[in-house]
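Notes for the one structure printed next.
The values are calculated or read from the model by the stated rules, or taken from the named source; none is laboratory data. Being a predicted model, the structure only gives us computed values, none of them experimental. Note that each Cβ is placed from the backbone with ideal geometry, even for glycine, and that neighbours are counted across all protein chains shown.
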Amino acid sequence: MEELYRNIAEKEPIIHAFLSLAQKDELLAEAKGQEHTDLQGLPIAIKDNICTREFPTTCASRLLTDYRSPYEATAVARLKAAGAQVQGKTNLDEFAMGSSTENSAFGPTRNPWDPARVPGGSSGGSAAAVAAGEALAALGSDTGGSVRQPAALCGVVGLRPTYGLVSRYGLVAFASSLDIIGPITRSVRDAALMLSLIAGYDPRDSTSLRLPSQDYLRELQPNLAGLRLGLPREYRPKELGPQALALVDRWCAEAESLGAQIQEISLPLTEYALPAYYLIASAEASANLARYDGVRYTLRAPAPEVGEMIAQSRTLGFGPEVKRRIALGTFALSAGYYDQYYAKAQKVRTLIAQEFAKAFEEVQLILGPTSPTPAFRLGEKADPLSMYLSDLFTIPSALAGLPAISIPGGAVDGLPFGLQLIGPRLSEKLLLSAAWALEEALSTR
């Protein structure tokens with residue numbers, strides 16, 4: 001605890017990873033006398049779109065500046081049951097919509113490796129806090145890559161579990177068919193421990209899978225012997241650049257030296273994942289964010305009548321990126337365009353899931369980069385499309401509901417570059433074991 005808060009005092013004024021933070025003395029006092037548990041007294045940072053009782057849940061939006069949830073997320077409750085304490089709430093892109101944490105209403109988070117660069121998003125605060133030694137571990141949420149991409153850009157581990165494996169109860173909805181809570185940690189072993197504690201059936205989440213709990217940490221087996229790894233041609237484009245391509249070659253060589261078989265595969269629908277995702281996610285965001293009307297639990301603008309009050313409250317409360325996605329989603333759902341856009345995107349999503357299923361008949365896991373580039377400079381990607389391309393390698397597996405993990409894979413231009421492994425549904429045991437073996441072999445933790 002002393003070490004964490006020394007780092008916070010030194011680095012937080014620059015990095016701005018936290019939106020709210022517990023006092024060290026309060027955490028120490030609460031930790032004393034705790035019975036032995038998995039996370040005995042340890043502070044865990046929580047992304048600020050996951051409900052907690054201790055702190056406001058703002059989603060980094062002006063609309064929810066003072067909102068305090070009357071309940072806590074299931075994932076948070078399970079960590080607390082294991083002895084953890086809520087250290088604070090971390091910064092994010094507003095309502096988790098972004099890939100850089102520049103869209104926060106409370107200012108951007110900066111990358112600990114280079115404060116002139118972004119930490120990724122939308123869980124940028126969580127990833128930056130862990131990378132800077134301000135947090136031991138954190139919870140984030142992943143809709144199209146929001147745990148894995150910031151983990152890659154900050155040089156830490158980020159895990160997106162199978163959709164439905166971790167309860168979404170208490171996670172503020174962005175795109176309900178895609179959202180999932182996942183851990184951001186310093187090591188694969190820590191990610192396995194965190195997943196063991198937060199996974200499991202929850203009757204309060206209608207999408208929760210009825211599966212028995214598992215001890216993923218105990219079941220780790222860092223052995224790649226005989227493992228068939230697929231390397232998609234589409235995840236190795238020339239645009240990656242020579243340093244990144246050399247890293248991919250190194251990953252393959254290390255995996256082969258550990259007994260794995262590398263097989264080139266093709267996922268030709270990859271290019272259609274991005275437009276399909278932004279139609280589906282924006283449509284669901286349009287519906288989910290309709291509840292923020294200035295009447296209940298949100299900022300309320302003064303106005304003479306209700307319609308104007310709602311319009312003014314949303315105009316003042318939502319930032320530009322949230323408004324952009326609401327507009328896109330509302331258009332995609334509107335009469336005359338629903339079949340042309342939203343329904344077609346859902347068909348593409350089904351085809352992408354089928355393409356992954358076919359690939360997993362040949363290979364057991366898929367390997368590739370997490371992000372096309374290392375961390376870019378703040379303000380560098382003002383064009384929305386160039387920002388959306390940051391999730392090029394993470395969105396396809398999210399659309400298919402598959403588990404995936406990003407681990408540190410080396411450096412490009414002196415900045416962290418992430419290695420991503422994708423597995424079939426409910427393959428977390430294999431996924432984590434392979435990630436641990438590569439983490440040890442690459443010595444990049």
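Of note:
- Filter result (surrounded by fewer than 22 Cβ atoms within 10 Å (Cβ to Cβ) and small (Gly, Ala, Ser)) within the stretch 175-195: Ser176, Ser177, Ser187
- Among residues of the stretch 181-234 being at pLDDT 95 or above and of a type in the set (Ser, Thr, Tyr), the one that is nearest to Ala255 (Cα to Cα) is Ser187.
- Taken across the stretch 216-228, residues that are buried (at least 20 other Cβ atoms within 10 Å of the Cβ) and either among the basic types (Lys, Arg) or more than 28 Å from Ala411 (Cα to Cα) (or both) do occur, with at least one present.
- Considering each residue of the stretch 57-71 in turn, none proves to be charged (D, E, K, R), under 18 Å from Gly140 (Cα atoms), in contact with a Ser or Thr (Cβ under 8 Å, 6 or more places away or on another chain) and assigned by TED's automatic domain parsing to the domain that holds Pro115.
- For the stretch 349-384, a residue qualifies if it is among the aliphatic types (A, V, I, L, M) and touching a helix residue (DSSP H, G or I) at 6+ places or on another chain (Cβ under 9 Å), and the qualifying residues are Leu351, Ile352, Ala353, Leu365, Ile366, Leu367, Ala375.
- Only listed residue being closer than 23 Å to Ser443 by Cα and either small (Gly, Ala, Ser) or touching a Lys or Arg at 6+ places or on another chain (Cβ under 8 Å) (or both), chosen from Ala359, Ala398, Ala382, Ala375: Ala375
- Selection from the stretch 238-250 of residues that are touching a residue at least 12 places away in the same chain (Cβ under 8 Å) and either within 13 Å of Pro372 (Cβ to Cβ) or surrounded by fewer than 14 Cβ atoms within 10 Å (Cβ to Cβ) (or both): Glu239, Leu240, Gly241, Gln243, Ala244, Leu247, Val248
- Selection within the stretch 80-113: residues that are part of a loop (DSSP other than H, G, I, E, B) and of a type in the set (A, V, I, L, M). The member of this set that is surrounded by the fewest Cβ atoms within 10 Å (Cβ to Cβ) is Ala82.
- Counted residues, the stretch 290-313 - those being without any contact (Cβ under 8 Å) to a residue 40 or more places away in the chain and either of a type in the set (A, V, I, L, M, F, W, C) or under 24 Å from Thr101 (Cα atoms) (or both): 9
- Residue that is surrounded by the most Cβ atoms within 10 Å (Cβ to Cβ), among those in the stretch 297-315 that are within 28 Å of the chain's Cα centre (by Cα) and not polar (S, T, N, Q): Arg314
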